[in-house]
1. Looking only at residues that are of a type in the set (Gly, Ala, Ser), over 16 Å from residue 2 (Cα atoms) and more than 15 Å from the chain's Cα centre (by Cα) in region 183-224, which one is farthest from the ligand (Cβ to nearest atom)?
2. Residues of region 128-182 being in a strand (DSSP E or B) and out of contact with any strand residue (DSSP E or B) (no Cβ under 6 Å at 6 or more places or on another chain), which ones?
3. For region 206-243, what are the residues that are without any contact (Cβ under 8 Å) to a residue 40 or more places away in the chain and not in a helix (DSSP H, G or I)?
4. Look at region 10-51 and say how many of its residues are among the basic types (Lys, Arg) and in contact (Cβ under 8 Å) with a residue 60 or more places away in the chain.
5. So if I check each of 170, 146, 161, which one is at pLDDT below 95 and acidic (Asp, Glu)?
6. Which condition does residue 40 not pass, out of (1) within 13 Å of the ligand (Cβ to nearest atom); (2) surrounded by fewer than 16 Cβ atoms within 10 Å (Cβ to Cβ); (3) assigned to a loop (DSSP other than H, G, I, E, B), if it passes all the others?
7. Restricting region 53-90 to residues that are basic (Lys, Arg) and away from the ligand (no atom under 16 Å from the Cβ), which is nearest to residue 220 (Cα to Cα)?
8. I want to confirm something. Restricting to region 91-116 and keeping residues that are touching a residue at least 60 places away in the same chain (Cβ under 8 Å) and either within 13 Å of residue 150 (Cβ to Cβ) or surrounded by 21 or more Cβ atoms within 10 Å (Cβ to Cβ) (or both), which single residue is nearest to the ligand (Cβ to nearest atom)?
Amino acid sequence: VVVNLASVERPIINSKSMETLEDFENALDENDESLTSGMIYAYAAISQKCGYVNFTPAVTADVPALEQLAKRNGVVLAGKDGKTGQTLYKTVLASMFQKRGLKVEGWYSTNILGNRDGEILNDQEHVKSKISTKQGVLPSILKYDDFVHQVHIHYYPPRGDLKEAWDNIDFTGWFGVKMQMKVNWLGCDSILAAPLVVDLVRWVHFLQGLGMSGNVKELGSYFKAPVGLEENDFFDQWLLLRSLN
Ligand SMILES: NC(=O)c1ccc[n+]([C@@H]2O[C@H](COP(=O)([O-])OP(=O)(O)OC[C@H]3O[C@@H](n4cnc5c(N)ncnc54)[C@H](O)[C@@H]3O)[C@@H](O)[C@H]2O)c1
């Protein structure tokens with residue numbers, strides 16, 4: 001099983017070269033710059049019939065050409081962007097607000113981190129991939145999108161691998177009464193991520209052995225932007241995972 005744990009890549013340039021396997025292979029031969037290094041690694045893994053996990057927010061195996069190759073080669077895919085910290089608790093809390101009928105008016109999320117991932121995310125192009133996976137989760141859980149959602153990421157070297165996240169949630173209850181919730185999360189990035197990576201390697205190996213192929217939506221609870229699954233609610237994703245037993 002191959003796991004992509006490389007630095008966050010820039011958003012991709014949309015191009016026809018990712019639509020079919022034939023287009024992709026022609027683009028490879030022509031050194032087409034729209035193919036990213038992440039896609040090329042994924043292509044190599046899937047060609048060798050290795051299961052493939054994308055733990056990063058980059059677009060890699062989640063293009064039609066590579067999904068086609070995975071199906072053809074009987075390869076299991078899982079991705080993308082590990083749900084290890086702030087997004088993990090956001091997808092739990094959002095479910096609570098929705099199920100209790102508490103209307104979210106605004107959700108302000110900010111982070112500081114000081115490791116190399118943070119340094120890469122300090123680049124305004126690279127950070128766009130991360131913000132897009134972090135920002136996409138709330139509307140599908142809350143079932144509305146008329147609220148203000150801001151996500152900010154700041155590189156702050158003194159903190160090293162110890163990531164700090166703050167959330168301020170403005171919400172209303174009956175009669176429009178305004179209330180707030182504040183969350184302060186102090187997590188260790190690597191300690192949160194590593195067990196998920198080990199779990200995913202085991203799952204992908206196991207499921208491929210059962211004859212599954214392509215994106216496995218049942219593994220969605222591990223990811224911020226689960227490929228092939230609209231559901232972002234952690235509890236519903238957890239039930240899906242349980243259904244594999
Ligand atoms: N909690 C977490 O740690 C967490 C959660 C979700 C997602 N992720 C993602 O996982 C990835 C790894 O995170 P990290 O904290 O270990 O980052 P890191 O910066 O410590 O490690 C990234 C590594 O990728 C290498 N790299 C960069 N471009 C490469 C390329 N084209 N080919 C091969 N290697 C390349 C770098 O040299 C570096 O060794 C990041 O994309 C991050 O966003 C991490």
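1. 211
2. First, pick out the residues of region 128-182 that are in a strand (DSSP E or B): 148-155, 162-172, 178-182.
Across region 128-182, the qualifying residue is only 155.
3. 210, 228, 229, 243
4. Taking region 10-51 as the starting set, the residues that turn out to be among the basic types (Lys, Arg) are 10, 16, 49.
Now drop any that are not in contact (Cβ under 8 Å) with a residue 60 or more places away in the chain, which leaves 10.
Result for region 10-51: 1.
5. After ruling out the rest, the residue left standing is 161.
6. (3)
7. From region 53-90, those basic (Lys, Arg) are 71-72, 80, 83, 90; that's our starting set.
Then drop every residue that is not away from the ligand (no atom under 16 Å from the Cβ), which leaves 71-72.
Values: 71: 19, 72: 22 Å.
Looking at residues that are basic (Lys, Arg) and away from the ligand (no atom under 16 Å from the Cβ), I get 71.
8. The extreme case among them is 113.
The values are calculated or read from the model by the stated rules, or taken from the named source; none is laboratory data. Here the structure is a predicted model, which means the values were calculated and not measured. With ideal geometry, Cβ positions are generated from the backbone for all residues, glycine too; neighbour counts draw on all protein chains shown.
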